[in-house]
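In what follows, a structure is listed as structure tokens, so that the remarks can point back to it.
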Amino acid sequence: MDNSARQRFAQIAHYFETLTPQSVSVLKDHYSASARFKDPFNDVTGVPAIEKIFEHMFASLHQPRFVITGQVVDGHQAFLTWEFRFHFKRFDTQTPQVVLGTSHLVLDARGCISLHRDYWDAAEELYEKLPGVGLLMRWLKKRANS
């Protein structure tokens, strides 16, 4: 696709990198009304449902933010690789956490996101970092690799 798609994906990447609790309300400027969002924990349709996911992220985590590390654009779709950085609120908030993942984004004819699919390994990137559960997950991983 032309440079307009690349520019649009650059705008979207910037939006995610600068996302705040307040800017969740302008999600509708980037998503189509019937957009689908899917990740390891959610599969929702519509802007209000997607907003709730990001609102929950800010309510549950301390200082969550995305760092976009790469973009591959092909026509009306792109893959963004990212680091999701945060601190757990419920546990040791002094230890920074990083989850590595990628987002597959598809734009509609208006340049709004119609599909947002996140790919990341919940077991390795999240569960292994939790107290108690993490110990079990690391043990299971070690046993599986033996």
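Structure data summary
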{"item": "Every residue from region 34-54 that is in contact (Cβ under 8 Å) with a residue 12 or more places away in the chain and not in a helix (DSSP H, G or I)", "result": "Ser34, Ala35, Arg36, Phe37, Lys38, Asp39, Pro40, Phe41, Gly46"}
{"item": "Tabulated pairs, region 55-79, first more than 14 Å from Gln97 (Cα to Cα), second exposed (fewer than 14 other Cβ atoms within 10 Å of the Cβ), C-beta under 7 angstrom, 6+ apart or interchain", "result": "Phe58/Pro21; Ile68/Glu17; Thr69/Glu83; Val73/Arg6; Ala78/Val72; Phe79/Val72"}
{"item": "Filter result (farther than 19 Å from Ser4 by Cα, surrounded by 17 or more Cβ atoms within 10 Å (Cβ to Cβ) and of a type outside the set (Val, Ile, Thr)) within region 22-50", "result": "Leu27, Ala35, Arg36, Phe37"}
{"item": "Tabulated pairs, region 22-33, first modelled with pLDDT of 95 or more, second of a type in the set (Asp, Glu) and assigned to a helix (DSSP H, G or I), C-beta under 7 angstrom, 6+ apart or interchain", "result": "Val24/Glu51; Val24/Glu55; Leu27/Glu51"}
{"item": "All positions within region 58-86 that are assigned to a strand (DSSP E or B) and over 15 Å from the mean Cα position of the chain (by Cα)", "result": "His62, Val72, Val73, Asp74, Gln77"}
{"item": "Selection count, region 90-121, where residues are under 18 Å from the mean Cα position of the chain (by Cα) and outside any strand (DSSP E or B)", "result": "4"}
{"item": "Conditions (1) at pLDDT below 95; (2) touching a helix residue (DSSP H, G or I) at 6+ places or on another chain (Cβ under 9 Å): number failed by Ser60", "result": "(2)"}
{"item": "Search result, residues across region 1-29 that are part of a loop (DSSP other than H, G, I, E, B) and either in contact with a Pro (Cβ under 6 Å, 6 or more places away or on another chain) or over 18 Å from Thr102 (Cβ atoms) (or both)", "result": "Met1, Asp2, Thr18, Thr20, Pro21, Gln22"}
{"item": "Selection from region 86-135 of residues that are under 22 Å from Asp43 (Cα atoms), at pLDDT below 85 and touching a strand residue (DSSP E or B) at 6+ places or on another chain (Cβ under 7 Å)", "result": "Glu125, Leu126"}
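The values are calculated or read from the model by the stated rules, or taken from the named source; none is laboratory data. None of these values were measured; they are calculated from a predicted model. Neighbour counts are summed over all protein chains in view; Cβ atoms, including those assigned to glycine, are modelled from backbone coordinates with ideal geometry.
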